[in-house]
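Chemist: Got a structure for you, questions after.
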Amino acid sequence: ILGEHLRICPQGYTCCTSEMEENFANKSRSEFEAMMKEAGRSVQTTLTAQHRSFDSYFQDLLNKSEKALYDAFPSMYGELYTQNMKVFKDLYSELRRYYRGSNINLEEALNEFWTRLLERLFKLMNPQYHITDEYLDCMVKHAEQHKPFGEVPRDLKVKATRAFIAARSYAQGFLVGSDVVKKVSQVSLSHECTRAIMKLMYCPHCRGMSSVKPCNNYCLNVVKGCLANQADLNTEWKYLMDSLVVVADRIDGPYNVDTVIGTIHMRIADAISNLQENKDSITAKVFQGCGNPKISTKSSNSEDKKRRGKVTLEAKSSAQALEMLVLDAKGNLTALKTYWITLPGSLCSKKVTASSAADDKCWNGMTKGSYLPEVMGDGLANQINNPEVEVDITKPDMTIRQQIMQLKIMTNRLGNANIGNDVDFQDASDDMSGSGSGDSCPDDVCGKRLSKSPSTRQPETHAIPKQSGHGISGASSRASPSAFLLLLLSVAFIAAQHLWR
């Protein structure tokens, strides 16, 4: 029949009614969006699998270290361990909460552990004296000078903070990348895009050419126009992938988590042994600086009942497993670097099944023949002369611009982790909606820290997308500086584009 009624396809002789054309338009739209989501799910699966592998490995390291401590310390230290079990449990609990994304100052948590341990051990090793809280305060103030645990606290703080910062950022980087892909894959097609996709995929059917494939360059122009905003993710996406590779090298190199995390219990044992061996000289120095405490009237068992001698603990290395994890991750990250700019070609070759570029018997949007227009570049700015899709380059998609900002924030965090600096994210406990990962707790509990050993550096804070079940929360329901910054930068970006054009 004559095709004067057609609104999308060429108005020559046609097999389609208006209703058929509308059905084809809806069908092409849903199919293309499904293709996008399927491609995105493949990337999400890769990133979440990498996260799961590393997370399992890291948690296993912590669990084995804690178990080794619980298994060996009772026989090694007797009362010194049994009466201070909670101090050790609290340390590992804080380390896990930090790794999962809670807003904990790691240096301060370690300082608090050594402070609490020193207070308790000093009292246990001097049971004949009545030692008050005020006296312990005085002792702690002199602790840095006397170094009761030797160099272990300082050495562990330097190495453990770097390892934990790198591990946490690395794990969260995979989740942020996966979340960005998920959100971007859900962006709906514009009206102009729906028309262009319909013309590409189903107008040949209306012309009786259902077996004729679209010309490859024609397909590329349509898809590049429709995914112009998505292609603008490319730069920041590549930076994120590169940053994850760099931090992976740190994790398996200078900040080796296998060496550091897997030997925490051994370092604690070394510290306690140092305190035992130098008990008399340390006690004398404390008495000299803080005065002699009163003799206790209560009878108590002598500390000498504890086991003597330095016991050497062993740590089972899993360095080979870590090396394989890192190699696998680096391979996947490298393969994903160009995802956003290779997506149009991938969809055209695998999903839309476009014909080869040299084919002169392909569907060119009007009939069977060659496709002459040149292929547009990648990204929104390059679509100004796209012959197949009308793209308003002055109106970038705000959802995608927000995801570009999330990529920048995560890349910045990884860059800091690479040099051992901490940039904390919004804590799950700050999410007033109560939909966090289960790690949240009241501020007066989570935020409480001893002021005896204050940290010298307060970490920066950024909001990241909420990852259900992983202890990483999104923006707080309270207005946060990072949320305001995100909005401000997005507006500034659009304004700059107007001025530039």
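Chemist: Does the range 302-311 contain any residue that is of a type in the set (D, E) and modelled with pLDDT of 90 or more? Walk me through how you get there before you give the answer.
Modeler: In the first step, residues of the range 302-311 are kept if they are of a type in the set (D, E); the result is 303-304.
Retained after the next criterion (residues that are modelled with pLDDT of 90 or more): none.
No, the conditions are met nowhere in the range 302-311.
One line per residue, one yes/no per condition, for (1) in contact (Cβ under 8 Å) with a residue 24 or more places away in the chain; (2) assigned to a helix (DSSP H, G or I); (3) touching a Leu at 6+ places or on another chain (Cβ under 8 Å); (4) not β-branched (V, I, T):
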{"residue": "V181", "(1), (2), (3), (4)": "yes, yes, yes, no"}
{"residue": "S188", "(1), (2), (3), (4)": "yes, no, no, yes"}
{"residue": "E192", "(1), (2), (3), (4)": "yes, yes, no, yes"}
{"residue": "R195", "(1), (2), (3), (4)": "yes, yes, no, yes"}
{"residue": "G208", "(1), (2), (3), (4)": "yes, no, no, yes"}
{"residue": "S211", "(1), (2), (3), (4)": "no, no, no, yes"}
{"residue": "C219", "(1), (2), (3), (4)": "yes, yes, yes, yes"}
{"residue": "Q230", "(1), (2), (3), (4)": "yes, yes, yes, yes"}
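Chemist: Considering only the range 227-277, how many residues are farther than 30 Å from A39 by Cβ, touching a Ser or Thr at 6+ places or on another chain (Cβ under 9 Å) and open to solvent by 20 Å² or more (accessible area, probe 1.4 Å)?
Modeler: Looking only at that region, the number is 3.
Chemist: Could I ask something else about it? Quick one: which of E19, E33, E4 is touching a residue at least 24 places away in the same chain (Cβ under 8 Å) and among the acidic types (D, E)?
Modeler: Numbers: E19 fails: touching a residue at least 24 places away in the same chain (Cβ under 8 Å); E4 fails: touching a residue at least 24 places away in the same chain (Cβ under 8 Å).
Being touching a residue at least 24 places away in the same chain (Cβ under 8 Å) and among the acidic types (D, E) holds for just one of E19, E33, E4, which is E33.
Chemist: Could you check the range 83-100 and list, in sequence order, the residues that are modelled with pLDDT under 90 and either among the small types (G, A, S) or open to solvent by less than 20 Å² (accessible area, probe 1.4 Å) (or both)?
Modeler: If the condition is that a residue be modelled with pLDDT under 90 and either among the small types (G, A, S) or open to solvent by less than 20 Å² (accessible area, probe 1.4 Å) (or both), then N84 is the only one that fits.
Chemist: Also: For the range 203-226, which positions are open to solvent by 10 Å² or more (accessible area, probe 1.4 Å) and under 38 Å from the mean Cα position of the chain (by Cα)?
Modeler: N216, N217, L220, K224, C226
Chemist: Another one. List the residue pairs whose Cβ atoms are under 7 Å apart, where the first residue sits in the range 238-258 and is farther than 20 Å from V43 by Cα, the second is not in a helix (DSSP H, G or I), and the two are 6 or more positions apart or on different chains.
Modeler: Close Cβ pairs (under 7 Å, with a partner that is not in a helix (DSSP H, G or I)) amount to D258/S317; D258/S318.
Chemist: For the range 367-397, what are the residues that are without any contact (Cβ under 8 Å) to a residue 60 or more places away in the chain, closer than 24 Å to Q11 by Cβ and either open to solvent by 70 Å² or more (accessible area, probe 1.4 Å) or part of a loop (DSSP other than H, G, I, E, B) (or both)?
Modeler: If the condition is that a residue be without any contact (Cβ under 8 Å) to a residue 60 or more places away in the chain, closer than 24 Å to Q11 by Cβ and either open to solvent by 70 Å² or more (accessible area, probe 1.4 Å) or part of a loop (DSSP other than H, G, I, E, B) (or both), then L372 is the only one that fits.
Chemist: Does T45 count as β-branched (V, I, T) and surrounded by fewer than 17 Cβ atoms within 10 Å (Cβ to Cβ)?
Modeler: On the way: β-branched (V, I, T): yes; surrounded by fewer than 17 Cβ atoms within 10 Å (Cβ to Cβ): yes.
It is true that T45 is β-branched (V, I, T) and surrounded by fewer than 17 Cβ atoms within 10 Å (Cβ to Cβ).
The values are calculated or read from the model by the stated rules, or taken from the named source; none is laboratory data. Nothing here was measured: the structure is a model prediction, and the numbers come from that model. Here Cβ is always computed from backbone atoms with ideal geometry, including for glycine, and neighbour counts include all displayed protein chains. Side chains included, ligands, DNA and RNA excluded: accessible areas come from the protein's heavy atoms. Shrake-Rupley method; radii C 1.70, N 1.55, O 1.52, S 1.80 Å.
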